[in-house]
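Please read the structure below before turning to the comments.
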Amino acid sequence: MSGRDSARKDDHVRISEELRNVQHNGFDDIRFMHQSFNELSRESVDISTSVTGSPWQVPFYINAMTGGSEMTGRINADLAKAAATAGVAMASGSVSVALKDPSLAPSFEVIRENAPEAFIFANVGPTVTAENARRAVQLLDANALQVHVNPAQELVMPEGDHDFRGWLDRIEEIVAEVPVPVVVKEVGFGLSSKSIAQVRAHGVHTVDVSGRGGTDFAAIEKRRRGDRAYSYLAGWGQSTVECLLETLGDFPVQPANPRHHVEILASGGVRSPFDVVRALAMGARAVGVSGHFLHLLIEEGIEALISELTSWTEEVRTLMTLLGTPNVPALLQTDLLVSGKTAEFANLRGID
Ligand code: FNR
């Protein structure tokens with residue numbers, strides 16, 4: 001069993017590397033109105049944010065990817081070293097395989113070993129027991145737990161879960177059992193406002209919309225199977241900016257009624273510090289990146305990844321200066337211009 005699990009984890013890394021950059025990316029539909037008088041010094045710009053009540057120095061993070069084999073353990077160790085050096089948060093890949101087979105646990109434990117001070121998310125699916133979710137948090141000494149919801153991926157995997165009954169109730173049990181905040185995330189198909197309202201009603205206060213535009217698990221699983229089935233599902237779901245536009249209307253950052261408050265994280269197709277700033281301006285508290293950082297690590301090594309993380313931090317500060325925004329919440333006041341397919345989506349959904 002675990003040999004097959006480990007091979008699947010290695011396949012995901014290899015195939016996501018082969019399939020990169022094939023889709024239209026909604027971030028390109030978002031522009032800012034340029035202003036010439038900023039009345040701001042670059043040094044005074046504060047790029048920090050807070051997520052699930054914890055302060056973060058940097059408003060982007062290395063999002064969930066891997067673990068569960070020797071190769072992916074080495075990747076996790078390098079990602080964690082880079083995260084620690086650059087002061088960014090990081091998520092593990094799904095820990096479920098290590099809960100089934102403890103011999104795979106070291107490929108996840110390396111994360112905390114190499115990033116003792118970092119903000120770390122553990123990651124599980126919504127089918128683990130609440131007790132196993134707690135063990136996943138313990139294994140990484142995690143600050144928060146991501147629960148990934150991935151029906152599109154499960155359905156196209158022959159060995160995937162094809163019975164989705166009880167996910168919301170299980171998420172509620174996990175929230176009650178684990179001693180850290182729980183974040184529900186998609187895996188690149190996008191959380192709709194309706195899905196967010198459903199998890200909010202089951203006790204979840206933070207979500208990562210993780211939309212379409214980057215890593216596409218329908219395409220990855222199709223390539224793994226090596227046949228043509230489900231090829232029309234490539235590109236399924238809402239883009240990250242479509243999700244953000246929808247949530248900004250339905251879950252305002254400062255709602256009149258606090259019961260409507262949900263903390264929004266964004267990921268899916270983020271390629272640059274410009275995309276990070278776009279997502280922050282559309283209401284995200286912080287922005288997750290998987291594919292881009294993984295490709296850089298695999299192709300150019302850990303030093304290149306550290307230098308990218310450091311450079312992104314500086315570039316976010318520069319862009320915020322250009323936009324005249326002294327801090328992350330101020331980005332919500334910028335004027336955004338929405339065009340192309342994203343404007344079409346907003347029109348269809350009746351979003352101003
Ligand atoms: C992922 N992703 C993911 N997500 C999750 O919650 N648990 C997981 O185990 C994995 N595994 C995984 C493996 C690999 C190789 C990649 C590239 C991605 C999904 C990831 O966290 C994110 O939601 C999507 O990849 C979209 O972001 P990017 O890649 O477009 O930045």
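The values are calculated or read from the model by the stated rules, or taken from the named source; none is laboratory data. Here the structure is a predicted model, which means the values were calculated and not measured. Counting neighbours? That spans all protein chains shown, and the Cβs are built from the backbone with ideal geometry, glycine included.
Looking across the range 158-180, just one residue is modelled with pLDDT under 95, within 16 Å of the ligand (Cβ to nearest atom) and of a type outside the set (D, E), and that is G160. Scanning the range 44-89 for residues that are within 20 Å of E315 (Cα to Cα), within 17 Å of the chain's Cα centre (by Cα) and assigned to a strand (DSSP E or B) returns T49, S50, W56, F60, Y61, I62, A89. Note on the range 209-235: residues that are part of a loop (DSSP other than H, G, I, E, B) and either at pLDDT 95 or above or under 30 Å from G53 (Cβ atoms) (or both) total 6.
More than 11 Å from the ligand (Cβ to nearest atom), within 15 Å of the chain's Cα centre (by Cα) and either under 18 Å from A343 (Cα atoms) or not in a helix (DSSP H, G or I) (or both): does that describe L244? For L244, the condition - more than 11 Å from the ligand (Cβ to nearest atom), within 15 Å of the chain's Cα centre (by Cα) and either under 18 Å from A343 (Cα atoms) or not in a helix (DSSP H, G or I) (or both) - is met. Out of curiosity, is G350 assigned to a loop (DSSP other than H, G, I, E, B) and either at pLDDT 95 or above or among the hydrophobic types (A, V, I, L, M, F, W, C) (or both)? Considered against the rule, which asks whether it is assigned to a loop (DSSP other than H, G, I, E, B) and either at pLDDT 95 or above or among the hydrophobic types (A, V, I, L, M, F, W, C) (or both), G350 comes out as no.
Residue by residue, here is whether (1) within 19 Å of L168 (Cβ to Cβ); (2) within 14 Å of the ligand (Cβ to nearest atom); (3) buried (at least 19 other Cβ atoms within 10 Å of the Cβ); (4) of a type outside the set (D, E) holds:
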| residue | (1), (2), (3), (4) |
| --- | --- |
| S231 | no, no, no, yes |
| G235 | no, yes, no, yes |
| S239 | no, yes, yes, yes |
| P252 | no, no, no, yes |
| A256 | no, no, no, yes |
| V270 | no, yes, yes, yes |
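Here D28 meets the list (1) more than 10 Å from the ligand (Cβ to nearest atom); (2) under 22 Å from T313 (Cα atoms); (3) not in a helix (DSSP H, G or I) almost entirely, failing just condition (3). When F164 is tested against (1) surrounded by 15 or more Cβ atoms within 10 Å (Cβ to Cβ); (2) outside any helix (DSSP H, G or I); (3) hydrophobic (A, V, I, L, M, F, W, C), exactly one condition is not met: (1). Within the set L337, L319, the sole residue that is away from the ligand (no atom under 16 Å from the Cβ), farther than 26 Å from S54 by Cβ and not β-branched (V, I, T) turns out to be L337. Counting only residues that are within 14 Å of the ligand (Cβ to nearest atom) and not in a strand (DSSP E or B), which one in the range 279-293 is surrounded by the fewest Cβ atoms within 10 Å (Cβ to Cβ)? Ranking the qualifying residues of the range 279-293, first place goes to H292. Considering every residue within the range 98-119, establish whether at least one is hydroxyl-bearing (S, T, Y), under 18 Å from A142 (Cβ atoms) and within 16 Å of the ligand (Cβ to nearest atom). Scanning the range 98-119, I find at least one residue that is hydroxyl-bearing (S, T, Y), under 18 Å from A142 (Cβ atoms) and within 16 Å of the ligand (Cβ to nearest atom), so the answer is yes. Reported count of residues in the range 182-202, each being part of a loop (DSSP other than H, G, I, E, B) and either among the polar types (S, T, N, Q) or within 14 Å of the ligand (Cβ to nearest atom) (or both), is 7.
Evaluated against (1) within 11 Å of the ligand (Cβ to nearest atom); (2) under 20 Å from G73 (Cβ atoms); (3) buried (at least 24 other Cβ atoms within 10 Å of the Cβ), A136 falls short on exactly one condition, (1). As a summary of the residue check, L265 satisfies the conditions (1) over 27 Å from E314 (Cβ atoms); (2) aliphatic (A, V, I, L, M); (3) touching a residue at least 60 places away in the same chain (Cβ under 8 Å) except for the one numbered (1). On the given criteria, is L19 more than 25 Å from S103 (Cα to Cα), of a type outside the set (S, T, Y) and at pLDDT below 95? Criteria met by L19. Scanning the range 181-208 for residues that are aliphatic (A, V, I, L, M) and either surrounded by fewer than 18 Cβ atoms within 10 Å (Cβ to Cβ) or modelled with pLDDT under 95 (or both) yields A197, A201.
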